Amino acid sequence: MSSITGNPNSHPISEFTDRLTGNCLCESVKVTIKDPDLFTRRRGHICHCANCRKVSGSFAASNLVIEEDKVEILDREGTLSKFVDTQTGSGTPLERWFCSRCGNPVKSVTPVLAGKVVMKMGLFPRIPAPEFETFALHRHEWQGIHPDVDQYKIKAFGEKL
Ligand SMILES: [Zn+2]
Ligand SMILES: [Zn+2]
C-alpha cells in the first residue's frame with residue numbers, strides 16, 4: 001500500500017522507464033502498461049464528455065489510448081467486469097471495464113479504435129502529462145486551462161477551441 005497517499009513525487013519517473021503498473025482500489029485488478037515512452041513526451045488526454053465524467057465520478061477523466069498488446073491486466077480475484085455503453089457519440093457501443101468490487105474504472109474498448117484500448121489513468125501511481133483535451137467546450141469555468149495541452153472542442157483531432 002505504498003502509493004496510498006497518491007503523491008506522484010514519491011514515485012519518480014525513473015521507476016517507469018519501460019512500464020507503469022497500478023492497481024484498482026481493492027487491489028484485485030493489476031494493470032501494467034509496457035511502453036518506454038510514457039514519460040518522455042506528453043501522452044494521453046483529459047476528457048470532459050458526460051460519459052467519462054460519470055464513470056470517473058469527477059469533472060473530467062484522465063485517459064490514455066494505447067495498443068492493446070502493450071497492456072497486461074491481471075484479474076487476481078475475478079472481479080473485472082464490463083458495462084456496454086450504448087450512449088456514445090459515434091453510436092457504436094463501447095465496453096467500459098471496471099472492478100466490480102471496488103468500482104474502479106479500468107479501461108474502455110471500442111471497435112472505433114481497433115487494436116487499441118483506452119486506459120483509465122487514475123489506476124496508476126503517476127500519470128503522464130496529457131497531450132490534449134477532448135470535449136474542452138464542456139469544461140467548467142472554474143477548472144483552469146493547461147496552456148501546453150491542445151484543446152479540441154469535441155472530438156480528438158477535430159476542431160480546436
Ligand atoms: Zn477493485
Ligand atoms: Zn470522454
Looking at region 77-93, which of its residues are under 27 Å from residue 25 (Cα atoms) and either touching a helix residue (DSSP H, G or I) at 6+ places or on another chain (Cβ under 8 Å) or at pLDDT below 95 (or both)?
-> 85, 87, 88
Taking region 83-103 as the search range and keeping residues that are in contact (Cβ under 8 Å) with a residue 24 or more places away in the chain and open to solvent by 80 Å² or more (accessible area, probe 1.4 Å), which one is farthest from ligand 1 (Cβ to nearest atom)?
-> 89
Please indicate, with yes or no, whether at least one residue in region 9-23 is under 25 Å from residue 147 (Cα atoms) and hydrophobic (A, V, I, L, M, F, W, C).
-> yes
Look through region 36-56, keep the residues that are within 15 Å of residue 124 (Cα to Cα) and either within 16 Å of ligand 1 (Cβ to nearest atom) or outside any strand (DSSP E or B) (or both), and return whichever of them is nearest to the chain's Cα centre (by Cα).
-> 44
Sort through 10, 14, 81, 58 and tell me the only one that's within 16 Å of ligand 2 (Cβ to nearest atom) and of a type in the set (Ser, Thr, Tyr).
-> 58
From the list 117, 112, 65, 71, pick out the single residue that is more than 15 Å from residue 32 (Cβ to Cβ) and away from ligand 2 (no atom under 12 Å from the Cβ).
-> 112
Residues within region 111-123 that are under 18 Å from residue 54 (Cα atoms) and open to solvent by less than 40 Å² (accessible area, probe 1.4 Å), tallied | 5
Evaluate the following for residue 106: is it open to solvent by less than 30 Å² (accessible area, probe 1.4 Å) and within 16 Å of ligand 1 (Cβ to nearest atom)?
-> yes
Give the residues of region 57-80 that are in contact with a Cys (Cβ under 7 Å, 6 or more places away or on another chain) and within 12 Å of ligand 1 (Cβ to nearest atom), sorted by residue number.
-> 79, 80
Total residues in region 1-35, condition in contact with a strand residue (DSSP E or B) (Cβ under 8 Å, 6 or more places away or on another chain), in a loop (DSSP other than H, G, I, E, B) and either of a type in the set (Asp, Glu) or crowded, with 19+ Cβ neighbours inside 10 Å (or both) = 4
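The values are calculated or read from the model by the stated rules, or taken from the named source; none is laboratory data. Everything numeric here is computed off the predicted structure, so don't read it as measured data. Note that each Cβ is placed from the backbone with ideal geometry, even for glycine, and that neighbours are counted across all protein chains shown. To get the accessible areas, we keep the full protein, side chains included, count just its heavy atoms, and leave off ligands, DNA and RNA. Shrake-Rupley method; radii C 1.70, N 1.55, O 1.52, S 1.80 Å.
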